[in-house]
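Novice: Okay, handing you the structure first.
The values are calculated or read from the model by the stated rules, or taken from the named source; none is laboratory data. Computed from a predicted model, the values in this text were never measured in an experiment. Cβ placement follows ideal geometry from the backbone for every residue including glycine, while neighbour counts extend to all protein chains displayed. Heads up: the accessible areas ignore ligands, DNA and RNA and are worked out on the full protein's heavy atoms, side chains in. Shrake-Rupley method; radii C 1.70, N 1.55, O 1.52, S 1.80 Å.
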Amino acid sequence: MTDSPKLATEGLCKTYPAGGGQEEVTAVQGVDLRVGAGEFVSLVGPSGCGKSTLFGMLAGLVRPSRGRVLLDGTAPASMLGRIGYMPQRDLLMPWRTVLDNTTLGLETAGMSRRDARARARDAFARFGLAGFEDRWPRSLSGGMRQRAALLRTFLAGRDVMLLDEPFGALDALTRQVMQAWLLEVWESDRKTIVFVTHDVDEAVLLSDTVHVMSGRPGTIRMSLDVDLPRPRTLEVAASGRFRDLRDRILAPLRDEAMAQAGLS
Amino acid sequence: MSGEIAVAASSPVDPATPGAAGGGARLRRIVRATLPPVVFSVLFLTAWELYCRWRDVSESALPPPSSVARALADNRSLLADNAWVTVQEILLGLALAVVVGVGLGALIRSSAVVERALYPWLVVSQLVPIPAIAPVFVIWFGFDMRPKVLVVALVSFFPIVVNTVDGLRAADPELIDLLRTLGATRRRIFRVARLPAALPFVFSGLKVATAFSVIGAVFGEWVGASEGLGYLVLILNNQTDTAGVFAVVTLLAVIGIGMFALVSLAERLLLPWYHAPRREGGA
Ligand SMILES: Nc1ncnc2c1ncn2[C@@H]1O[C@H](COP(=O)(O)OP(=O)(O)OP(=O)(O)O)[C@@H](O)[C@H]1O
Ligand SMILES: [Mg+2]
């Protein structure tokens, strides 16, 4: 019991039933994950390999066809409301100010709007959003919207957070700024994070462990511990060790891409 | 104009100061917006006036604008008293339509069974001819304001319900999922996401409803009324006082435009986010 990981899955499978002229799709097959408390874990894999489906099951939105999700060693009746989830799109509500978007989790947990606002305000500077509290989300840049969505997820106060390609839609430069910033934020409060990305460099830079998924049906094809020293900065990407790790992740991914293209 | 928005959007700390140039631009914008309708109206009324004079059209067939204006001026207190009655009926009827319309919309969206059961009846409610149902309302409620308010509500609630139902479907399903992962209940999801997403639709329905409501009030006053602009139209028609009828129609048009402006203003005040500039607007 003492050694049970923060978040784990046992033989997790998802098959979407046939319907609407579509054949049944097995999106995820037999995934066993173990994520320790305070770990940063990344999932990389080809498009459509079932990463979002896996997140859906972890968050309690998608019912597994087989297998189960364990939180602190036990399987709760429902995962809804137990872990933080940041979907691929920022989903900020246009009818709430940036501040009131970030308090969503606190208010849902029953905190009064006044207290929730005070708590959120204190965090705005750290998330690079100071001065934007009372703006409508529409007027923010992509990077700032993403930071607001992250702040909303952080403020919900769960120990475990699932981040689905949070920087996927950003330009390369903004993306690097955000990576450096996320490293800093994570170092300071060490939440357990499961992170989905297409970007292998991003995965190596941020993670303790990188899991490489195979094409559909999604399984974990390879897991790699990233033994780069922490705290890390963007400079680590220049090291030989970094390039070595990146190449070891790219090899199976390239195989997958070749197989998908029918070139193997 | 779009340039101004871009500047305002990217400098939150020092909000764009409305300088002299800004004031001038604002004036120019107002002029550009009001000039076309004013010019067109003047041309149209002048043509009408000249046509009536040159062809010597009889006053009872088509009164010239000058006669209509005189009828308005001569009967101003009579017109004002009756207009006030009609305005009250419209306001109360619209308020009732909003309450019933949004309530029914929420009820319909609450379950597929309810939706299937109620929707045909909504359509039926709009097929009932008003002249047929208005006397029945009078039998039920008597000769006071209630039957007229009810007619106004009957013709106005339909666009509100239909738009509310569509609006309650408009919330992003992924946003609903996000709220569920935060542990939100169905009721909270409704209050936090579905209802706010529906409000712009509700206002669209309400704008359509204002046009119907004026006609509804006039129809309502054609049965069992002793005051109001609809009642006045009946009397003036009997006296073949066409200029008087046109004066009432003018007043009804003003009321309709006023109602529409009122709803638009309420929308701007209640949904400031809906009219806020988009960042892309500056590009
Ligand atoms: N609700 C659903 N019903 C049926 N099939 C689905 C459903 N959701 C996903 N799928 C299918 O399951 C597979 C995995 O989809 P998923 O979105 O989990 O992949 P992903 O790895 O997140 O892709 P991406 O990298 O593009 O975000 C896809 O083939 C998709 O078409
Ligand atoms: Mg995905």
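Novice: Relative contact order (percent) for chain B, with alpha-carbon contacts under 8 angstrom and 6 or more residues of separation?
Specialist: RCO, chain B: 27 percent.
Novice: Another question about this same structure. Under the √(5λ) rule applied to the eigenvalues of the Cα gyration tensor, what semi-axes describe the equivalent ellipsoid of segment A:38-119? Give them in Å, descending.
Specialist: They are 28, 18, 12 Å, listed largest first.
Novice: Under 5 Å between amide H atoms, partner at least 5 residues away or on a different chain: which partners does A:Phe40 have, H built in plane at 1.01 Å?
Specialist: A:Ile193, A:Asp208, A:Thr209
Novice: A follow-up question, please. Show the residues, 5+ positions off or on another chain, whose built amide H is closer than 5 Å to the amide H of A:Met222.
Specialist: Under 5 Å from the amide H of A:Met222 lie the amide H atoms of A:Val212, each far enough along the sequence or on another chain.
Novice: Once the convex hull of the alpha carbons of chain B is built, what does its volume come to per residue, in cubic angstrom?
Specialist: 195
Novice: Another question, then. Can you pull the mean other chain C-beta count within 10 Å for peptide A:73-86?
Specialist: 2
Novice: What Kirkwood hydrodynamic radius, in Å, does chain A give when the mean of 1/r is taken over all pairs of distinct Cα atoms and then inverted?
Specialist: It works out to 19.4 Å.
Novice: Let me ask something else about it. Two decimals is fine: what's Rg over Rh for the protein assembly as shown, C-alpha atoms, Kirkwood radius as Rh?
Specialist: Using Cα coordinates only, the ratio equals 1.12.
Novice: Please list the radius of gyration and Dmax for segment A:90-157, considering alpha-carbon atoms only, with Å as the unit.
Specialist: In order Rg, Dmax, the Cα atoms of segment A:90-157 give 10.5, 30 Å.
Novice: Now for a separate question. Around B:Ala261, under 14 Å between beta carbons, what's the net of Lys plus Arg minus Asp minus Glu among the other residues?
Specialist: Around B:Ala261, the charge tally is +1.
Novice: Given segment B:72-187, report the % of alpha carbon pairs whose separation exceeds 25 Å.
Specialist: Here the long-distance tail beyond 25 Å is 43 percent of all Cα pairs in segment B:72-187.
Novice: In whole Hz and in residue order, list the ³J(HN,Hα) couplings for segment A:11-24 that follow from phi through the Karplus curve 6.51 cos²θ - 1.76 cosθ + 1.60, θ = phi - 60°; x for Gly and Pro.
Specialist: My calculation for segment A:11-24 gives x, 6, 10, 9, 10, 6, x, 5, x, x, x, 9, 6, 5 Hz in order.
Novice: What is the set of long-range amide H partners of A:Gly30 at a cut-off below 5 Å, with H atoms built 1.01 Å from backbone N?
Specialist: Answer set, sorted by chain and number: A:Leu12, A:Cys13, A:Lys14.
Novice: If you don't mind, another one. Pop out the ³J(HN,Hα) list for segment B:99-110 in order, Karplus 6.51 cos²θ - 1.76 cosθ + 1.60 with θ = phi - 60°, rounded to Hz; leave Gly and Pro as x.
Specialist: 4, 5, x, 5, x, 5, x, 5, 4, 4, 6, 6
Novice: Over all distinct alpha-carbon pairs, what is the Kirkwood Rh of segment A:112-262 in angstrom?
Specialist: 17.2 Å is the Kirkwood radius here.
Novice: Total Å² of accessible surface buried at the B-A contact, 1.4 Å probe, nearest 100?
Specialist: Its buried surface, counting both partners, is about 2500 Å².
Novice: If you don't mind, another one. Would you tally the net charge around B:Glu221, using a Cβ to Cβ cut-off of less than 10 Å, leaving B:Glu221 out, and scoring K and R as +1, D and E as -1?
Specialist: Counting the neighbours of B:Glu221, the net charge comes to -1.
Novice: Another one. Return the sequence-ordered ³J(HN,Hα) values of segment A:183-195 in whole Hz as given by the Karplus equation 6.51 cos²θ - 1.76 cosθ + 1.60 applied to θ = phi - 60°, using x for Gly and Pro.
Specialist: Result, rounded to whole Hz: 4, 5, 4, 5, 4, 7, 10, 6, 6, 7, 10, 10, 10.
Novice: Counting only other residues whose beta carbon sits under 12 Å from that of B:Leu175, what net charge do I get with K and R as +1, D and E as -1?
Specialist: +1
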